[in-house]
1. When you look at Val325, is it modelled with pLDDT of 95 or more and out of contact with any Asp or Glu (no Cβ under 6 Å at 6 or more places or on another chain), yes or no?
2. Taking the residues in the stretch 336-350 that are farther than 15 Å from Glu270 by Cβ and over 23 Å from the mean Cα position of the chain (by Cα) as candidates, determine which candidate is surrounded by the fewest Cβ atoms within 10 Å (Cβ to Cβ).
3. So in the stretch 274-294, with the set limited to residues that are surrounded by 19 or more Cβ atoms within 10 Å (Cβ to Cβ) and either of a type in the set (Lys, Arg) or away from ligand 1 (no atom under 16 Å from the Cβ) (or both), which one is nearest to Gly182 (Cα to Cα)?
4. For residues that are outside any strand (DSSP E or B) and modelled with pLDDT under 95, tally how many sit in the stretch 10-35.
5. Looking only at residues in the stretch 46-76 that are away from ligand 2 (no atom under 16 Å from the Cβ) and touching a residue at least 40 places away in the same chain (Cβ under 8 Å), which one is surrounded by the most Cβ atoms within 10 Å (Cβ to Cβ)?
6. Quick test for you: out of Val258, Val265, Val325, pick the one residue that is over 22 Å from Leu154 (Cβ atoms) and part of a helix (DSSP H, G or I).
7. Counting residues that are crowded, with 24+ Cβ neighbours inside 10 Å and polar (S, T, N, Q), which strands (runs of 3 or more DSSP E) fully inside the stretch 84-173 reach at least 1?
8. Look at Ala199 and say whether it is crowded, with 17+ Cβ neighbours inside 10 Å and modelled with pLDDT of 90 or more.
Amino acid sequence: VNSEKIQVRGPGFCYEAHAGRGLIAEAGRLIRERIRGESAALITDSDLPRALVDKVAASLVLAGFQVTTIAVPAGENSKSLGEVERVCGEMAALNRGSVVVGVGGGMVGDLSGFVAAVFHRGLAHVQIPTTLLAMVDSSIGGKTGANLSAGKNLVGAIHHPVLVIADVDVLKTLPPRELRQGYAEIVKHAIIRDAGMFALLRTSSRAIVEGSRGESAKGTSGSFLDFAPDAELIARNICIKAVLVSADNRDLSGERAVLNFGHTVGHGIERASGFRIPHGDSVSLGMVAACEISVKRAGLPTSELDEVIALLNQLGLPTRLPNAVVREKIMEAIGRDKKFQDGEVRFVVTPHIGEAYLSCDVTMSDIEKAVATL
Ligand SMILES: NC(=O)c1ccc[n+]([C@@H]2O[C@H](COP(=O)([O-])OP(=O)(O)OC[C@H]3O[C@@H](n4cnc5c(N)ncnc54)[C@H](O)[C@@H]3O)[C@@H](O)[C@H]2O)c1
Ligand SMILES: [Zn+2]
């Protein structure tokens with residue numbers, strides 16, 4: 001097994017995230033090194049490849065755990081208090097020394113983490129992210145929770161895992177649409193903190209897009225998104241999120257706020273489209289808007305705005321808003337954002353690729369103009 005280990009640490013927490021290949025078969029052993037208890041609750045969703053879930057379970061059994069596998073229906077609707085209650089009910093026989101292992105995307109990660117936070121007032125949690133988004137974003141940082149009908153992520157807890165296992169081999173079965181959602185967050189990380197990674201993504205995805213064009217001429221079509229990212233790229237992204245989270249565990253000091261780059265407009269688009277435009281695609285559009293605003297308010301060179309648009313396109317991410325989405329609805333949704341309700345607009349801008357900060361110079365009219373031209 002070759003893997004990279006990243007330390008995620010901050011006030012009151014310290015754990016490792018492993019990124020590599022062939023890690024699923026090692027999961028039981030890695031968890032056993034940290035957990036003495038007898039039982040493990042394996043929480044997953046109904047759409048995950050059966051073979052993957054079985055492999056995790058077998059590895060846990062081999063490490064001496066008694067495994068209770070609990071599957072919730074796939075989809076965001078399962079991130080609910082109803083499911084929290086049902087899952088906890090199925091865990092009733094488990095004691096305090098047990099471990100909760102979440103195997104799935106961000107939905108399973110958030111739900112299983114919340115269950116771990118509240119069952120017996122807190123059990124150890126292990127994240128085994130299986131989507132690209134979960135590997136580079138949701139499994140790191142300790143935010144767990146569930147949605148209410150009144151709003152997403154309205155209940156939750158900060159409950160850091162004791163271990164994160166990101167095995168890139170599992171991404172082979174992930175649909176391109178889901179892979180793309182993860183790439184949006186990777187591009188975000190590149191823009192806010194890593195110009196080198198931006199350049200790397202630009203050249204590697206360009207080479208692959210051109211290569212596949214040559215191949216499709218021969219009749220075998222392919223696209224960049226047929227190629228899974230490697231463990232190094234995952235590790236690099238985990239590091240970026242880990243550093244920002246460590247500095248600002250409870251999301252208070254503003255350090256973590258740069259992770260919201262592209263998300264103000266992105267969330268507005270998600271909501272205005274009735275969640276028909278998925279999160280990563282919405283954030284892609286939100287990042288284009290944020291770059292437009294950054295040209296005006298933070299001195300971002302227009303050549304870099306063009307670079308961002310070019311990279312997003314190479315990755316199959318949208319950069320033009322479909323006409324069906326009503327611009328006014330987006331502005332309405334942004335206005336309702338809790339972050340804007342005190343009247344003061346705070347917006348993450350980038351002065352150049354690789355850096356970002358929270359600005360107070362952006363006005364509602366700047367945002368409106370950027371949305372109008374999207
Ligand atoms: N906690 C945080 O900090 C944080 C950050 C970002 C997002 N989130 C949350 O993450 C959730 C979204 O996560 P997501 O994008 O991973 O979506 P998801 O968890 O809903 O997974 C998407 C789909 O992919 C399937 N899938 C997962 N792994 C697979 C694999 N290896 N092969 C084939 N299919 C697979 C799932 O069954 C599901 O149908 C949202 O609830 C969001 O609020 C949390
Ligand atoms: Zn996001």
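1. no
2. It comes out as Gly343.
3. So, considering only residues that are surrounded by 19 or more Cβ atoms within 10 Å (Cβ to Cβ) and either of a type in the set (Lys, Arg) or away from ligand 1 (no atom under 16 Å from the Cβ) (or both), the one nearest to Gly182 (Cα to Cα) is Leu285.
4. Within the stretch 10-35, residues that are outside any strand (DSSP E or B) and modelled with pLDDT under 95 number 2.
5. Step by step, filter the stretch 46-76, then rank; the result is Val56.
6. Selected residue: Val258, the only one of Val258, Val265, Val325 that is over 22 Å from Leu154 (Cβ atoms) and part of a helix (DSSP H, G or I).
7. Of the strands (runs of 3 or more DSSP E) lying wholly inside the stretch 84-173, those with at least 1 residues that are crowded, with 24+ Cβ neighbours inside 10 Å and polar (S, T, N, Q) span 124-129, 143-148.
8. Against the criterion (crowded, with 17+ Cβ neighbours inside 10 Å and modelled with pLDDT of 90 or more), Ala199 does not qualify.
The values are calculated or read from the model by the stated rules, or taken from the named source; none is laboratory data. Worth saying up front: this structure is predicted, and the values here are computed from it rather than measured. With ideal geometry, Cβ positions are generated from the backbone for all residues, glycine too; neighbour counts draw on all protein chains shown.
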